[in-house]
Each structure stands twice: as C-alpha cells, then as structure tokens.
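Take a look at the structure set out below.
Nothing in this text is a laboratory measurement; each read-out follows from the coordinates by a stated rule. The shown structure was predicted, so the numbers you read here are calculated from the model rather than taken from an experiment. Glycine gets a Cβ as well: all are built from the backbone with ideal geometry, and neighbour counts include every protein chain shown.
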Amino acid sequence: MKIPVTLKHKPVIVVNDYEKVDGRDAYNSDAKGLSLGLAQWNDRGKIEISAKVWRHTGEKWSRQSEELPLHRALDLALLICKTRQYFMEAYRYEKLYDPAKTTIERTALQGDAMTVEVCTDNPLIDQDIKLFQDCISKDDELIGERLKALATILKEMGY
C-alpha cells in the first residue's frame, strides 16, 4: 500500500509496504508506511523535516499516524539503545534496578543532558519492569537486527 501524498505531511523519502517488516506485526500491521518529508506543522517561512509512521485502519488513513521531528526520532533511537544496553545487565539487581540509583545515564545534547532513568513514579514499577524485561528479551532478535543495520549505516557514514 502506498502512503498518501495529498495530506499535510509532504513525503519526500518513503518506505511503502512497511507492514511487511513491522516487527512481530509483520504482514499484519496497521503501520503501512514510513516517510521523511516536510512537516505538517510548517509555518510560512519556517520549514522543518519530520519522520512519520503512516497507519491505516483497513478503510482509511488513521488519525493515530505519528509525525516526529527528526531529532525526536533519533532521541527515541538513543533511548532504545540505552534501554537495551541497561537490560543486558539489569539481572544483577534483585528488582532489575537499584532503588537508590534510578538514573541509567545522562547523554549530553545541546549543552544539557537527556536523562534516562527507571520510572519509580510508576506505583507498579516492580511488576512492570519485569514485564518490560520479558518483552525486550522476547524481541531481542528483532531489535538486534535493526541495531546491526543501524550500526552498519553509521559506520559507512563515518560515525
């Protein structure tokens, strides 16, 4: 299925038929495409690029489609990488985290830092973190495959 080109987000680079590779939902996903294009929130004279996940209900394009500025998409990639790295060692903690030290890492960005931490404000964190670990372990092959592809591209780009 081809993503629409007549809506406010103006696709420039696309991945049509994304549902064929959408992780565990491959071939059965409502996420039909990915695109990089001109953001739908652009104001006159202020142009930004965004990444978009295009969802389709089976009947129409969904309002649940997500559009993100590129830096946010990359921030999510950083969060995924740091989280996966954290859970490779989390078994060392009885609760899968240290209640006295919930900060996982601070990554310097634009003169400040993005703090990655265990969400102890969640009243069910002790149960939820176990469920999360089970899911991330179950999806390790899917995530790992994509991280290897990303690492290859980053190396090719000189990073």
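Loop-resident GluC sites (Glu not before Pro) (DSSP state other than H, G, I, E or B) in region 10-98 with no more than 11 further Cβ atoms inside 10 Å of their Cβ: Glu59, Glu94. Between Glu66 and Lys10, take the C-beta separation as r, use R0 = 22 Å, and let me know the FRET efficiency to the nearest 0.05. Plugging the Cβ-Cβ distance into 1/(1 + (r/R0)^6) gives 0.85. Computed packing ranks the peptides 31-37, 111-117 as 31-37, 111-117, most packed first, by mean other Cβ atoms within 10 Å.
With the charge dipole of region 3-56 set up from +1 on Lys and Arg Cβ and -1 on Asp and Glu Cβ about the Cα centre, the Cα lying farthest toward the positive end among the listed residues Leu38, Ala51, Ala26 is that of Leu38. Computed from the C-beta positions of Glu117 and Glu141 and an R0 of 25 Å, the FRET efficiency is 0.40 to the nearest 0.05.
Shape index of the chain: Rg/Rh, with Rg the Cα radius of gyration and Rh the Kirkwood radius from the inverse mean 1/r over Cα pairs, equals 1.01.
Shown in residue order for region 143-159 are the 3J(HN,Hα) couplings computed by the Karplus curve 6.51 cos²θ - 1.76 cosθ + 1.60 at θ = phi - 60°: 5, x, 4, 6, 5, 5, 5, 5, 4, 4, 5, 4, 5, 4, 7, x, 9 Hz (x for Gly and Pro). Rounded to the nearest 20, the size of the Cβ-charge dipole of region 41-159 about its Cα centre is 360 debye, with Lys and Arg at +1 and Asp and Glu at -1. Protection proxy ranking, highest mean first, for peptides 1-8, 149-156: 1-8, 149-156, where packing is the per-residue count of other beta-carbon atoms within 10 Å, averaged.
To the nearest ten degrees, helix 70-89 and the longest principal axis of the Cα atoms of the chain are 30 degrees apart. Rounded to the nearest Hz, the phi-derived 3J(HN,Hα) couplings of region 9-14 under the Karplus curve 6.51 cos²θ - 1.76 cosθ + 1.60 (θ = phi - 60°) are 6, 9, x, 10, 10, 10, where x marks glycine and proline.
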